[in-house]
Amino acid sequence: MAAIKIGDIKIGDGSFVIIGGPCAVENREQFLSAARFVKEAGANILRGNVYKPRTSPYSFQGTSEMGLKYIYEAKMETGLPTVCEILDANLIEKTEKYVDMFQIGARNMQNFPLLRAVGQSNKPVILKRGLCSTIDEWLNAAEYIKSEGNNNVILCERGIRTYETSTRNTLDLSAVPVIKSKTDMPIIVDPSHAVGVREYVAPLAKAAVAAGADGVMIETHPNPESALSDGHQSLNPDEFKTLCSDIKKLANFLGFELI
Ligand code: PEP
Ligand code: MN
């Protein structure tokens, strides 16, 4: 498999990668505090979004360039490589100065001009599966990025919409072996957006390790109750630490290389 490098970290080389951080960068104190406990818990990459694609235009929309500066500061302090969602091709130039990797969110999986634009950048890209997309549509979306010359695409299963309403979405874990059999792209799993409920995140994160994913992306917040977005699905620092430790034990048992 083609491993993808983000700073000193590699995804898809037989190791298991943990990406952690809050849904959104809210302010300096919140993000630096998150970065510190994410690092301490042994996670490998720091996440935090500054442009928020909210369902309602009246919800918190993100901290934009100010947030990017906090991401950069957190990376300098902790040494963790970083990932941030990009919403618009016009934001790429500004954003790439501050972060190591782009994320294309579920709602933009078929935003073809945006896919082509990140395809022209030299940053690795996490491509989330669309809310109602088949695996085939998802793979074609990845091709849009690759066709512009950027082969550093990591797929992220984050749940799809089904008739089930007990969870925010339904995590399609079968995507992991299907993707493994169809492509050599790494695949990570985001159980946070899949289930949308804090107590369901850890079991599915562990299931993702067992299914053979190359990593997980977990939302965590210094104080989930006060989070400006996705607090109900964010782990608190202790929960995150326990999950990281459990994931590492499981990954070790299953023969992943630990980083
Ligand atoms: C996110 O990662 O914060 C996010 C908005 O995810 P998704 O695009 O999967 O909904
Ligand atoms: Mn979120």
The stretch 42-115, accessible surface, carbon-and-sulfur percent (1.4 angstrom probe): 50
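Using a 1.4 Å probe on the protein chains only, how many percent of the accessible area of the stretch 117-220 belongs to carbon and sulfur?
On the way: 1840 of 3830 Å².
Ligands and nucleic acids excluded, carbon and sulfur reach 48 percent.
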What whole number of Å gives the distance from the Cα centroid of the stretch 76-137 to the Cα centroid of the stretch 166-200? 18
Work out, step by step, the length gained on full extension between N140 and F60: first 0.36 nm times the residue separation, then minus their alpha carbon distance; give nm to one decimal. 25.6 nm
Which lysines does K249 reach when only Cα atoms under 27 Å apart count, and residues fewer than 8 places away in its own chain are ignored? K5, K10, K39, K75, K128, K180, K206, K241
What nm distance separates the two modelled labels at T162 and E77, each placed 7 Å from Cα along Cα→Cβ? 4.1
With a 1.4 Å probe and every protein chain left in place, work out the accessible area per residue of the stretch 128-215 in Å², rounded to a whole number. 40
Between T170 and K69, how many nm apart are label points set 7 Å from Cα along the C-beta direction? 4.6
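Fully extended, how many nm does the chain gain between R107 and N223 (0.36 nm per residue separation, minus their Cα-Cα distance)? Intermediate values should be presented prior to the final figure.
Values: separation 116, 0.36 × 116 = 41.76 nm, distance 2.66 nm.
Answer, rounded to one decimal: 39.1 nm.
Is it possible to state the helix-based mean residue ellipticity at 222 nm for the chain, with each DSSP H run of 4+ residues giving -39500 (n - 2.57), the sum divided by total residues, to the nearest 500 deg cm²/dmol? What is it? Mind dumping the intermediate values first?
On the way: 9 runs with 97 residues, N = 259.
Taken over the chain, the calculation gives -11500 deg cm²/dmol.
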Once both label points are put 7 Å beyond Cα along the C-beta direction, the N252-L131 separation in nm becomes 4.1
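The values are calculated or read from the model by the stated rules, or taken from the named source; none is laboratory data. Since the structure is predicted, the reported quantities are computational estimates derived from the model, not experimental observations. FYI the Cβ positions are ideal-geometry reconstructions off the backbone, even for glycines, and counts take in every protein chain you see. For accessibility, only protein heavy atoms count, side chains too; no ligands or nucleic acids. Shrake-Rupley method; radii C 1.70, N 1.55, O 1.52, S 1.80 Å.
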